[in-house]
Amino acid sequence: QVKIVESGGGLLQPGGSLTLSCTASGYPFSDFAMAWYRQAPGKVRVEIATIGTIRDLQTYDESVKGRFTASRDNGKNTAYLQMNNLQYEDTAVYLCNPRTTNLWGEGTQVTVAA
């Protein structure tokens, strides 16, 4: 059974940091790049970061470049998203998705508030 579980979200103040986890099972984790998305209230889902399978190459949306870092531990079937200097506009549900699949978890909520 394939399963994707995001965790690590929370409520924090502007300027804070948080690390999200994406734990997967039921498919060959290391064979797929992992994409991170976020969906803010009333807005479409946007891809913000990816980490590949070759040399862990990463790409980032301009909105998070320099603040967020994607990584992965294939031995743990887990991908991570380190988020620094969080701002109000980072408030969203964060989800991960193995590239080229239609596998999704429920996401984890990140709320940035004073």
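The values are calculated or read from the model by the stated rules, or taken from the named source; none is laboratory data. Quick caveat: nothing in here was measured; it's all calculated off a predicted structure. Using ideal geometry, Cβ is built from the backbone for each residue, glycine included, and neighbour counts are taken over all protein chains shown. We work out accessible area using only protein heavy atoms, side chains counted, and drop any ligands, DNA or RNA first. Shrake-Rupley method; radii C 1.70, N 1.55, O 1.52, S 1.80 Å.
Laid out as a table, the results:
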{"read-out": "Any strands (runs of 3 or more DSSP E) falling wholly within segment 5-44 and containing at least 2 residues that are crowded, with 20+ Cβ neighbours inside 10 Å", "value": "18-25, 34-39"}
{"read-out": "Members of segment 62-89 that are in contact with a Pro (Cβ under 8 Å, 6 or more places away or on another chain) and among the hydrophobic types (A, V, I, L, M, F, W, C)", "value": "86"}
{"read-out": "Qualifying positions in segment 77-92 - open to solvent by 40 Å² or more (accessible area, probe 1.4 Å) and in contact with a Phe, Trp or Tyr (Cβ under 9 Å, 6 or more places away or on another chain)", "value": "77, 82, 84"}
{"read-out": "Residues being open to solvent by 10 Å² or more (accessible area, probe 1.4 Å) and more than 12 Å from residue 8 (Cα to Cα) - total across segment 98-109", "value": "8"}
{"read-out": "In segment 56-76, residue farthest from the chain's Cα centre (by Cα) [restricted to those that are closer than 14 Å to residue 24 by Cβ and open to solvent by 50 Å² or more (accessible area, probe 1.4 Å)]", "value": "75"}
{"read-out": "Pairs, first farther than 14 Å from residue 6 by Cβ and at pLDDT below 95 in segment 72-87, second outside any helix (DSSP H, G or I) and not aromatic (Phe, Trp, Tyr), C-beta under 9 Å, six or more apart", "value": "none"}
{"read-out": "Checking residue 53 against (1) touching a helix residue (DSSP H, G or I) at 6+ places or on another chain (Cβ under 9 Å); (2) at pLDDT 95 or above; (3) among the β-branched types (Val, Ile, Thr); (4) under 23 Å from residue 29 (Cα atoms), the condition it does not meet", "value": "(2)"}
